[in-house]
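Here, each number is a calculation from the coordinates, and none is a lab measurement. All values reported here derive from a predicted model rather than from experimental measurement. With ideal geometry, Cβ positions are generated from the backbone for all residues, glycine too; neighbour counts draw on all protein chains shown.
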Amino acid sequence: MSLPATPIAARTAIDTLRRIETPEGADIALRLAGPVPRAAAFALDALLRLGAYLLLTPLIAASELGLGLLLLMLFAIEWLYPVLFEISRGATPGKLALGLRVVHDDATPVAGPASLLRNLLRVVDFLPLFYAAGLVCTLIDRDFRRLGDLAAGTLVVYADPPPRRASIPQRPPRRPPRPLDAETQRAILDFAERSNRLGPQRSAELAELIADDPHAGGGAALEQVLGMANWAARGR
Amino acid sequence: MKQQQFEQAHAAQWQRLRTLLRVLDRGTAPMAGAAAAELPRLLRVVSGHCALARSRGYSPGLVSDLQLLAEAGYRLLYRPRPRWPRRVFAFLATGFPRALRRNAALFWLACALFFGPMTVMGLACAADGTLIHSLLDADDIASLESMYDPTNRKLGRPAQRQADGDMMMFGYYVRNNVGIAFRTFALGLLFGVGSVFILGFNGLVTGAAAGHLTQLGYGEPFWSFVSGHSSLELTAIAVAGSAGLLLAKALLAPGRRTRAAALRANAAEALPLIVGAMCLLLLAAAVEAFWSSSPAPAPAVKYAVGFTGWLLLGAYLTLAGREAADGA
């Protein structure tokens, strides 16, 4: 990776972004989910389970075969519901609704063994009542892992953001007053890509800060900066 | 190289990877040969482009585009693809007994914590008919006695459940017993206290019931009922206990690792044990519901079946998956 290691570590220390390098040399960014969205996902799942119980109650009235099936289903809902969904979908329906995924700590989708472990150990996270242990553990751990996640080596992360690609508005290229270093060039290109969404006044305001002619006001400054962006992206 | 030239030069490859991901992601069918062979190469190329684009200061939009593409490719390439039938068979044939033999010391410790209190309490309750009151209240004892009343049509079920069917009892046994095994395992994370308590308490109750019923003269219905599934059920609880003790060991005696690292390793090692315990208990529940409760076979037949069960289970756990290199 061309970016030096220390700045990445320094940058990630204060937020919930974790970078993982793949064997192919790409940097994967994992955006960790904290206790609040996870609790909301759990509440949604609890509602779904409740619905499943209600759907199953007619079995009580049925024959003893139905009762036996009911008890087996209760067992499955109590213990295996999260495992089945995590293996097949990557997360339970509650987590999916909140845009969360369960992944191994190398960013690959969670598989059977880790999923089973983290969900069996949920019993301990639930202690002494209502997820107290799990909550304390997620708040202490810098990756928001509860005890089950620590033992299984899993993380709960946000799913991919939608692609945010926007094209750079076409302008006649304009040579910058001095050569741009990579950081500045990136900032100017970033600004150009986002200028459509910023609104004319705000983008003019920002452009005035970096335009090479300090007296160019508003629209003219914006044109200058977009020209520099075109020069950086396309050349003359 | 300017960004635009870069994009023009490589856009075709990026598009190819995008198409490939869409095709391969659909369904879980095995990847088509030619397309699958292309994936690792394309992923390496695109990962390289992503790093290049970032270091050259190309626009963040392009970098994040390439990054998302590389991430999606990584997730697909390294997606777990278990072959279930083969994996389940391999686990039962070799994986589980081997895992148990690797952790034989903890298994014997769990056995001592479970069968020790059971034996002591059993002998004590057989000698003293009132001792069981120290453990269970009067209602529990009455229900226990009604389960093994020699006049029962169905063995092992309290009077009000005599009419319940075998299938219902199967569901009940699965939910109850597998739940106990799972809790025995998970509560090992409380520095072992949970596992030790569940093992000891269940040992005490089982022993008390056996001793009490025997001294009451209900010995024959009781022993002929439990003999069939006893090997599977009791062993499974001890196995679940040893899985819990593995977690406890990671916290109490992590050795030359941090506690977190030891927990990771021991939890992975405990998983085959708890899954194996679950399989044993499913089998035990079937035997208990459909065979043990039936009053038809003579007690001698049931004892013979129970004894054979212990022999077979012992042979399975000590011999299955054994190789010259195993050395266990």
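I'd like the distance separating the alpha-carbon centroids of segment B:173-237 and segment A:57-133, in whole Å. First find each Cα centre; the distance between them is then 26 Å. Averaging 1/r over each pair of different alpha-carbon atoms in segment A:55-126 and inverting the result gives 13.7 Å, the Kirkwood hydrodynamic radius.
Helix B:259-287 and the longest principal axis of the C-alpha atoms of chain B enclose an angle of approximately 50°. For segment B:273-328 versus segment B:66-137, the spacing of their alpha-carbon centroids is 15 Å. Here segment A:182-234 has an Rg and Dmax of 10.0, 27 Å, counting Cα atoms alone. Within the same chain, aspartates and glutamates fewer than 8 places from B:Lys249 are excluded, and of the rest, those with a Cα less than 13 Å from its Cα are B:Glu269. With 10 Å bins beginning at zero, the pair-distance distribution over Cα atoms of the protein assembly as shown amounts to 3, 14, 20, 20, 16, 10, 7, 5, 3, 1, 0 %. The mean number of Cβ atoms from other chains found within 10 Å of a Cβ in peptide B:7-17 is 0, as a whole number. With R₀ set to 30 Å, the beta-carbon distance separating B:Leu319 from B:Phe290 gives a calculated FRET efficiency near 0.65. Shielding value for A:54-64 is 1, the average number of Cβ atoms from other chains within 10 Å of each residue's Cβ.
Which percent of Cα pairs goes in each bin when the distances of segment B:117-254 are cut into 5 angstrom slices starting at zero? Percent of Cα pairs in each bin: 2, 10, 16, 19, 19, 16, 10, 5, 2, 1, 0.
By the count of other C-beta atoms within 10 Å, a proxy for reagent exposure, B:Glu323, A:Glu223, A:Glu86 are ordered fewest to most as B:Glu323, A:Glu223, A:Glu86. Exposure proxy shown here: for B:Lys249, B:Lys2, B:Lys154, the number of other Cβ atoms within 10 Å sets the order, fewest to most, as B:Lys2, B:Lys154, B:Lys249.
Placing one equal scatterer on every Cα of segment A:38-93 and applying the Debye formula, the log10 ratio I(q)/I(0) at q = 0.12, 0.21, 0.22 Å⁻¹ is -0.32, -0.80, -0.85. Each pair of Cα atoms in segment B:3-77 enters the Kirkwood radius, and Stokes-Einstein at 37 °C and 0.692 mPa s then converts it into a translational diffusion coefficient of 258 µm²/s. Taking the square roots of 5 times each eigenvalue of the Cα gyration tensor of segment A:32-158, largest first, gives ellipsoid semi-axes of 28, 15, 13 Å. For A:Ser203, B:Ser294, the sequence from fewest to most other C-beta atoms within 10 Å is B:Ser294, A:Ser203. Measuring r between the beta carbons of B:Arg256 and A:Leu129 and using R0 = 25 Å, the FRET efficiency lands at 0.10. Which one, B:Ala127, B:Ala248, B:Ala289, has the greatest fluctuation when you compute a Gaussian network model over chain B with C-alpha springs under 10 angstrom? Its mean-square fluctuation being the largest, the pick is B:Ala127. By the Kirkwood approach, averaging reciprocal distances over each pair of separate Cα atoms, segment B:85-319 gets a hydrodynamic radius of 18.5 Å.
Looking only at other chains, what is the average number of their beta-carbon atoms within 10 angstrom of each beta-carbon in A:122-131?
Partner-chain Cβ atoms within 10 Å, mean over residues of A:122-131: 3.
Counting only lysines at least 8 places from B:Lys154 when in the same chain, those with an alpha carbon closer than 24 Å to its own are B:Lys302. The string of couplings for segment A:194-200 from the Karplus curve (6.51, -1.76, 1.60, θ = phi - 60°) is 9, 4, 5, 8, 7, x, x Hz, one whole number per residue in order, with x for Gly and Pro. For chain B, the longest principal axis of the Cα atoms and the long axis of helix B:193-215 meet at an angle of about 30 degrees.
For segment A:146-208, how big is the tail of P(r) above 16 Å, as a whole percent of Cα pairs? Here the tail beyond 16 Å accounts for 66 percent of pairs. For A:Leu98, neighbours were defined as the other residues whose beta-carbon sits under 11 Å from its Cβ, and their charges (Lys and Arg +1, Asp and Glu -1) total +2. Can you list, bin by bin at 5 Å, the percent of alpha carbon pairs in chain A, starting at 0? Over chain A, the share of Cα pairs per 5 Å bin runs 1, 6, 10, 12, 12, 10, 9, 8, 8, 7, 6, 4, 3, 2, 1, 1, 0, 0 percent.
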